[in-house]
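Below is one structure, written out as structure tokens; the observations come after it.
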Amino acid sequence: MTQNPSEADKPVYGGHANSDLTSRHLKSLKIASILERRTDLSQADVLDIGAGAGQTANFLKPRVRSVTATDRETDAFLPADIPILETPGTDLPFDASSFDIVVFNHVIEHVGERDDQRRILSEIARILRPDGLLYLAVPNRWTLVEPHYQLAFLSWLPPSLASRYVRWRGKNDWYDCRPFAHRELLKTLQSAGFETDDATEEAFRDLLKIEKSDSRLARLLAGLPSWLVRAAVPLMPTFVVICRARDQSHRRDATD
């Protein structure tokens with residue numbers, strides 16, 4: 001674990017929530033569209049981890065059977081009719097096989113170091129029901145401009161140098177994100193007990209259709225052949241993976 005500042009002062013996840021309501025609505029629509037192609041949302045009990053102000057949870061609520069939210073701090077959560085639990089660490093306070101869908105949208109990069117990320121993935125595998133789905137989105141480590149701090153090549157650097165970079169630019173006291181390269185992400189998910197369905201191309205096309213529908217460039221990009229988009233997936237700024245737990249053996253005690 002990074003030791004600067006002290007571990008007790010470091011957040012496990014959160015702190016970079018996107019509060020732009022229009023943007024969040026469109027992103028929530030994209031999440032729902034990708035999930036609807038794979039399951040019946042109306043019969044799903046959903047958990048939104050790192051829910052922020054609750055826009056995604058609120059969007060999903062009328063479309064699913066139930067929705068529950070968690071975050072390391074809950075003060076910013078707005079929907080009064082959605083249960084929100086405070087989860088400052090990587091343990092999830094739910095029984096095994098509690099949910100049909102877990103939404104983990106741009107959160108895993110904030111969950112500490114790789115061991116912490118593997119821990120929470122094992123917890124998600126534990127609380128998913130058989131054939132349950134994990135929706136996971138994460139920035140590409142090799143993106144040119146890091147999306148949280150808008151600094152070029154930030155996520156390319158070792159953590160100690162990245163922290164110096166954000167301090168030098170007056171952005172934060174340390175670099176608190178750990179994004180993934182494409183192959184590393186898939187290997188990490190598989191080692192945590194998931195079968196992976198890479199939905200990055202699908203998310204890219206939904207982005208063009210849903211979030212960039214008035215863009216001339218988006219209309220041009222939408223015409224790219226699938227083989228070319230698939231070849232470019234490791235270079236995409238964001239990866240989206242839909243996961244199914246292979247079995248229910250990844251219990252809490254398996255990672256203690």
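Some observations on this one:
- For segment 210-223, the condition holds for at least one residue, the condition being that it is assigned to a helix (DSSP H, G or I), under 21 Å from the mean Cα position of the chain (by Cα) and modelled with pLDDT under 95.
- Residue within segment 179-202 that is farther than 30 Å from Phe99 by Cβ and either surrounded by fewer than 16 Cβ atoms within 10 Å (Cβ to Cβ) or over 20 Å from the mean Cα position of the chain (by Cα) (or both) present: no
- Any hit, segment 154-177, residues being surrounded by 23 or more Cβ atoms within 10 Å (Cβ to Cβ) and among the small types (Gly, Ala, Ser): yes
- So Pro147, is it in contact (Cβ under 8 Å) with a residue 60 or more places away in the chain, touching a Lys or Arg at 6+ places or on another chain (Cβ under 7 Å) and surrounded by fewer than 21 Cβ atoms within 10 Å (Cβ to Cβ): no
Yes/no matrix, rows are residues, columns are (1) surrounded by 15 or more Cβ atoms within 10 Å (Cβ to Cβ); (2) charged (D, E, K, R):
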position: Asp40; (1), (2): no, yes
position: Ser66; (1), (2): no, no
position: Thr70; (1), (2): yes, no
position: Ser98; (1), (2): yes, no
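- Inter-residue pairs, beta-carbon under 9 Å, first closer than 16 Å to His25 by Cβ and in segment 40-65, second among the aromatic types (Phe, Trp, Tyr), 6+ apart: Asp48/Phe104; Ala51/Phe77; Gly52/Phe77; Ala53/Phe77; Gly54/Phe77; Ala57/Phe77
- In the condition set (1) touching a helix residue (DSSP H, G or I) at 6+ places or on another chain (Cβ under 6 Å); (2) more than 17 Å from Asn58 (Cα to Cα), Val102 is compliant with all but (2).
- Residue within segment 119-129 that is outside any strand (DSSP E or B), among the hydroxyl-bearing types (Ser, Thr, Tyr), surrounded by fewer than 24 Cβ atoms within 10 Å (Cβ to Cβ) and touching a helix residue (DSSP H, G or I) at 6+ places or on another chain (Cβ under 7 Å) present: yes
- Considering the conditions (1) without any contact (Cβ under 8 Å) to a residue 40 or more places away in the chain; (2) closer than 28 Å to Leu29 by Cα; (3) not acidic (Asp, Glu), Arg178 is excluded by exactly one of them, (1).
- Some residue of segment 213-232 being of a type outside the set (A, V, I, L, M, F, W, C) and touching a residue at least 40 places away in the same chain (Cβ under 8 Å): no
- Test: residue in segment 162-182 that is at pLDDT below 95, part of a helix (DSSP H, G or I) and either more than 25 Å from Gly132 (Cβ to Cβ) or among the acidic types (Asp, Glu) (or both): no
- Being within 23 Å of Gly193 (Cα to Cα), in contact with a strand residue (DSSP E or B) (Cβ under 6 Å, 6 or more places away or on another chain) and either of a type outside the set (Asp, Glu) or surrounded by fewer than 20 Cβ atoms within 10 Å (Cβ to Cβ) (or both) holds for only one residue in Thr87, Thr56, and it is Thr87.
The values are calculated or read from the model by the stated rules, or taken from the named source; none is laboratory data. Just so you know, these numbers come straight off a predicted model, no measurement behind them. Note: ideal-geometry Cβ built from the backbone for every residue, glycine included; neighbour counts use all protein chains shown.
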